[in-house]
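Worksheet: the structure to be examined is printed underneath.
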Amino acid sequence: MNVTFYIIITLVSFMPVLSSCGTANFFDCNVGYAGSNCARLNKDEQARVALDNGDVAAAVELLAELVAEEPDVYERYPLLAAAYASKSGLDIFNIVTANFGGDSSILQVMETFVPTPTALGSAYESSLRDMNSGVQTLTAIPPSLRATTSSDKYATSAVLQLTLYQAAYGVMLLNKFTYSASGYDPSLLATMTAEDAVLILRAFLGAAEAAGGGAATSVASALSAIQSQPGSTDQEKIAAWSQSAR
Amino acid sequence: MKRTFLSHQRVLIRSSTRWRWGLLVLSCLVVGSVAFGRSSAPIYEDPFDVAGGGASLTRASQAGLLFSNPALIPYGTGIHRWLGNETSLIVGKDSVDFAKSLSSSSGQDTSASSGEFINTVLETPIHAGVLNCFSYINRFFGFGVFNRGEFDIAAKKYGDTGLPALKFRAESYQGLGVSVASLVFGKMLSAGVTGKFIYAGEPDLTIELTDQEAIANLQSASGLKSLTAMNAGYGVDAGLVFFRQGSRADYRVAVKIDDFGGTKLSGTGDLKELKQMYHVGLGYTLHNSLDSLHLSADYRDVQSVSGDGLFKRVRMGAKLLLRQHLGVSAGYYDGWPSYGVELDAWLVRLTAAYYTREMGSKPGLEPRSVYLAGFAMGF
């Protein structure tokens, strides 16, 4: 055997590794080498990878499919709700670390991170729908399985998320009448209908009833404050509160 | 007519009844009970072996011999093999990249991107560790005192229940291994045994950032103790290597039993036993008097007692050793490509490796790309 033979054998030996440039796993079904006994990710794992990679749209799609296929597996619901909330533009880290126990109103606290029509423009309605889907996902869990005292991790997470997302949904609904495409615009409050006001109050009431920690207390305080505002209709009271609370 | 590798193997097996006896012994060794166990990886690996895909049953470097396969000890020239200390540092590529981005962005206005910064911190797993082993090896026996500590901290924006969570995992192994080995049937068969004392812990903890009770518990003395709890015990590994040497090509078949009969660990930690595992490996070496190219493939944990996926149990790689001082290796470690170089400058041995360790149960779930730098002094 001569030097050339050695060089050829060496190159052939190292070629499979070098050709993949450090990016492909030999056993990955999608990008690995054909014929290897690959390890295919199931949908749960694909959703997990999508979430970790920030692809919330893909995660929502996968988790929604799984929930539809196995509606009794409630462990997935909070994860799907979180994915919906994230898709709506809400940063989950901001909302769970927000200080709801201080002197600030729920509006002041959430204003810093809840999406607004100013920021999202025409995509705001889609954002609202996603947030509502997050709320609906959590309310689909039987109430008896949503309990802060439950030993199931998903149950306590569901209660906390339901409070936060309903509060966020209420604030987002209100933002439709306080923010225009160009910025804060309280004159839009005059366009709020009775139905709009009921939706906002229903969201806040749901958040308060979910009883998920400090946010629920803060929302309950907001509901009391709305009740005590001047005005004869719900929309007048909400309009007055929204300006005083800011 | 030129022989292919397989035809050469067939000739090899036919050529001697001693091989039949060897295969019979090998067959007997892989019959045993299936049990639950820890990771299928060796408790200590040499950096150059890691770079070569971790396929070290048929060829291992220095202290790696003791824990990869003690039956490899007799193969080599002379009586003395190695006396020295090796220290390796492990740093996650993500951490390095993050540090680089911080240094490159210093001086810029970061107030506007504080949210982005927090997100980056949340998405940047921290993986680091250290390996150290002082060892002495000669043709007949060897011992090594080793320490291996590796931890992984990953903040998840979406934990298992959708809320942000922090995942902390660590592997801490310290101990002593004493190996003896002997050649049987000339150089065709080698048998080796390693007796070991292990002091080990594998904390694995996930805390949701909203779980105040768990966070408070972690700050308490008992909570911290659960993270640092270690267990200790004695165990035995055994290995066989069938070796067919040619003037330019060698063949090796290896079988190894880790933790023969199961290594019981006692203490307050959760790791109570290292289960018995069987591994088999194949090696093919092309060589002349100074250079060699070693191709190897290991099938670890044949009975799958560890629960590891196939991607973690199959290891393969190539090591090219030039003039006995320079080495280049590449392979598949946990299914991911790995690379490394080694410079053996007589008293000093330097190794650099890049590999990816899969922390998840399937490829791509939680890969951690890792830089490893090793420094050894010895002779």
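Among the conditions (1) within 18 Å of B:Q62 (Cα to Cα); (2) away from chain A (no Cβ under 11 Å), B:H294 misses just one, which is (2).
Just the residues that are crowded, with 16+ Cβ neighbours inside 10 Å, aliphatic (A, V, I, L, M) and closer than 14 Å to B:V50 by Cα, please, taken from segment B:352-379. The answer is B:A352, B:A353, B:V370, B:L372. In segment B:167-177, is there at least one residue being within 14 Å of another protein chain (Cβ to nearest Cβ), over 30 Å from B:V348 (Cβ atoms) and touching a residue at least 12 places away in the same chain (Cβ under 8 Å)? For segment B:167-177, residues within 14 Å of another protein chain (Cβ to nearest Cβ), over 30 Å from B:V348 (Cβ atoms) and touching a residue at least 12 places away in the same chain (Cβ under 8 Å): present. Candidates A:S133, A:S157: the one that is within 14 Å of chain B (Cβ to nearest Cβ), touching a Phe, Trp or Tyr at 6+ places or on another chain (Cβ under 8 Å) and crowded, with 18+ Cβ neighbours inside 10 Å is A:S133.
Just one of A:A64, A:A34 is at pLDDT 95 or above and surrounded by fewer than 22 Cβ atoms within 10 Å (Cβ to Cβ); which is it?
Going through A:A64, A:A34 in turn, just one is at pLDDT 95 or above and surrounded by fewer than 22 Cβ atoms within 10 Å (Cβ to Cβ): A:A64.
Taking every residue in segment A:85-111 that is within 28 Å of A:A59 (Cβ to Cβ) and within 14 Å of chain B (Cβ to nearest Cβ) and pairing it with any residue that is of a type in the set (D, E, K, R) and assigned to a loop (DSSP other than H, G, I, E, B), at least 6 positions away or on another chain, the pairs with Cβ-Cβ distances below 8 Å are A:I92/B:K157; A:F93/B:K157. The residue that is farthest from the other protein chains (Cβ to nearest Cβ), counting only those in segment B:302-313 that are under 15 Å from the mean Cα position of the chain (by Cα) and surrounded by fewer than 24 Cβ atoms within 10 Å (Cβ to Cβ), is B:S306. For B:G162, the requirement of being outside any strand (DSSP E or B), at pLDDT 85 or above and over 30 Å from B:R300 (Cβ atoms) is met. In segment B:178-191, the residue that is nearest to the other protein chains (Cβ to nearest Cβ) out of those that are surrounded by fewer than 18 Cβ atoms within 10 Å (Cβ to Cβ) and in contact (Cβ under 8 Å) with a residue 12 or more places away in the chain is B:K187. Being modelled with pLDDT of 85 or more and not aliphatic (A, V, I, L, M) is true of B:F242. Suppose the filter is among the small types (G, A, S), over 19 Å from A:A155 (Cα atoms) and within 14 Å of the chain's Cα centre (by Cα); does A:G101 pass it? The answer is no for A:G101. Listed conditions (1) crowded, with 18+ Cβ neighbours inside 10 Å; (2) more than 14 Å from every other protein chain (Cβ to nearest Cβ) are all met by B:N138, apart from (1). Remark: pairs (first residue in segment A:179-193, in contact (Cβ under 8 Å) with a residue 24 or more places away in the chain; second residue surrounded by 13 or more Cβ atoms within 10 Å (Cβ to Cβ) and aromatic (F, W, Y); Cβ separation under 7 Å; 6+ apart in sequence or on different chains) = A:L189/A:F177; A:M192/A:F177. Within segment B:327-351, the set of residues being closer than 22 Å to B:G149 by Cα and either touching a Cys at 6+ places or on another chain (Cβ under 9 Å) or surrounded by fewer than 17 Cβ atoms within 10 Å (Cβ to Cβ) (or both) comprises just one member, B:L350. Only one entry of A:L205, A:L189 meets the criterion of being surrounded by 15 or more Cβ atoms within 10 Å (Cβ to Cβ) and more than 15 Å from A:A168 (Cβ to Cβ), and that entry is A:L189. Checked against (1) crowded, with 18+ Cβ neighbours inside 10 Å; (2) within 14 Å of chain A (Cβ to nearest Cβ), B:D160 meets all criteria but (1).
Which members of segment A:136-148 meet the condition of being surrounded by fewer than 24 Cβ atoms within 10 Å (Cβ to Cβ) and either touching a helix residue (DSSP H, G or I) at 6+ places or on another chain (Cβ under 8 Å) or at the interface with another protein chain (Cβ under 10 Å from one of its Cβ atoms) (or both)? Passing the criteria: A:T139, A:A140, A:I141, A:L145, A:A147, A:T148. Screening the candidates A:I226, A:I238 for the property of being free of Cβ contacts under 8 Å to residues at least 40 places away in the same chain and among the β-branched types (V, I, T) yields one hit, A:I226.
Please indicate, with yes or no, whether at least one residue in segment B:334-351 is outside any strand (DSSP E or B), more than 9 Å from chain A (Cβ to nearest Cβ) and at pLDDT below 95. Checked segment B:334-351: at least one residue is outside any strand (DSSP E or B), more than 9 Å from chain A (Cβ to nearest Cβ) and at pLDDT below 95. The single residue among B:R38, B:R10 that is modelled with pLDDT under 90, within 30 Å of B:Y354 (Cβ to Cβ) and of a type in the set (K, R) turns out to be B:R38.
Going through segment A:44-61 one residue at a time, which ones are surrounded by 14 or more Cβ atoms within 10 Å (Cβ to Cβ) and away from chain B (no Cβ under 12 Å)? Within segment A:44-61, A:A58, A:E61 qualify. Please work out which residue is farthest from A:T178 (Cα to Cα), limiting yourself to segment A:61-117 and to residues that are assigned to a helix (DSSP H, G or I) and of a type in the set (D, E). Restricting to residues being assigned to a helix (DSSP H, G or I) and of a type in the set (D, E), the top hit is A:E69.
The values are calculated or read from the model by the stated rules, or taken from the named source; none is laboratory data. Remember, predicted model here, so these are calculated numbers, not experimental data. Cβ: placed from backbone, ideal geometry, glycine included. Neighbour counts: every protein chain shown.
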